[in-house]
Every structure is written in structure tokens, then in C-alpha cells.
Amino acid sequence: ISGLRGTVQDISERKQTEEILRSSVIRSRTVLEESPVCNKVIDLDGHLLYMSNAGVTRLKIPNIEQFYGCPYPPEFYSEAMRRPLVENLNRAIAGQISRVECQVTDTEGETVWYDTTFVPALDDAGRVLYVVATSVDVTERRQAETLLRESEEKYRTLVEVSPYCIHQIDAEGRLASMNRAGLKMMAEQDECAIQ
């Protein structure tokens, strides 16, 4: 060997760019994983590609990998719930943002309500690559709404079956509502006045 020839190339800029990209990916993954909402990535055939820890934990899924590649597994969604989900997913696949509230059953049979927004992820040419679905757990709100509705129905029933006149007057002093007993008393007074 009489000598060696070679070239030296400065790759510090490329290494710096790779480090910035790696840090960005780590930060993005951390945001997804630590978020209290369930983030999902769904392909254009409706198959699950990814689900964040919030969804896995809330739905009590021991092995999420078994559901990757599945379109809305029947273990979680009733047939009635699958239809609006698929409709909204199809809107996102067509490039529209859509939203739906749906009922899900976790692996232990407990009902969970999610408010899910489907957002199309586009490439530089505007084509949909996949759909990002963000699901916020609204179970407590739905339960509170149900309790409030039941309470209002009980109150309404008590007022209506009461043998006493119960009425409501608005801020201007006008009669706003009256139960049956009150209406009956008013009718009887009118009959007495006529006679």
C-alpha cells in the first residue's frame, strides 16, 4: 500500500437535524401517551393502528396489540353504536372533521361514553393519509344528565299528583304553570261564580 485516499464530510448538521427530529418524535409520543384523552390513529379501511394509554387504561384492555388492524371490535361497540362511528369515520376519510358521542363497553362490561372527534390527517397534496380520533370520556356527565332527568320526572310526577294547588308565578307576577289540582280548583270556582 503506497497511500490512502479519502474524503472527509462534515455531518454535524445532519446529526443535529436527526437529533431535533428524534426529540420531536419523543415529545409528540409523550404528549399522546400522557394525555388524559383517548387518542387513536385509524387507517382508511377503518382499522385501528394506534391507541394511547388513556384509552387502553379506561377500557381495561390487557393487550391492545390484539385489536390493531380491527375495525371497531364487537367486544366494545354494539351494532347500533358502530353505525354512527363508521359514518363519522367515513366523513373524516372524505376529508371532513366530524364528531359523535358513542357508548362503549369496556372489557369488564362497564359502560363508557366517549365524545369522539375524527380529524383527517392530510399529506402535502391534501390527500387523507389516515384519521386521528380523539375521544373524551363523558361518562360522568351522561350519568349526571340521567340523574337530573330522573329527578325532574319524579318532581313533575309529585307536583302533578298532589291534591293541593301548586303553581309557579314568573318575575312579572303572571301565572307560569299550575298542576291539575290547581286547574281543577280554578274550574270549580268558575262554575260556582257562574251559578
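Where a number appears in this text, it was derived from the coordinates with a stated rule and is not lab data. Being a predicted model, the structure only gives us computed values, none of them experimental. Glycine also receives a Cβ, built like all others from the backbone with ideal geometry; neighbour counts cover every protein chain displayed.
Based on the Stokes-Einstein relation at 10 °C and a viscosity of 1.306 mPa s, and on the Kirkwood radius from alpha carbon pairs, region 83-138 is assigned a translational diffusion coefficient of 133 µm²/s.
Can you pull out the chymotrypsin sites (Phe, Trp or Tyr not before Pro) in region 105-195 that DSSP calls coil and that have at most 14 other Cβ atoms within 10 Å? Those that pass, being in a loop and sparsely packed, are Tyr164.
Length available on full extension from Thr146 to Glu188: 0.36 nm per residue minus the Cα-Cα distance, which gives 11.3 nm.
Near Tyr50, the amide H atoms lying under 5 Å from its own belong to Val41; only residues 5 or more places off or on other chains count, and H is placed 1.01 Å from N.
The packing ranking, built from the mean of other Cβ atoms within 10 Å per residue, places the peptides 139-145, 37-43 in the order 37-43, 139-145, highest first.
Each label point was placed 7 Å from the Cα along the Cα-to-Cβ direction; for Val86 and Ala125 their separation is 2.9 nm. Counted residue by residue at 0.36 nm each, then reduced by the alpha carbon distance between them, the extension gain from Ser78 to Glu108 reaches 9.3 nm. Express the relative contact order of region 82-195 as a whole percentage, based on alpha carbon pairs under 8 Å and six or more residues apart in sequence. Over region 82-195, the number comes to 15 percent.
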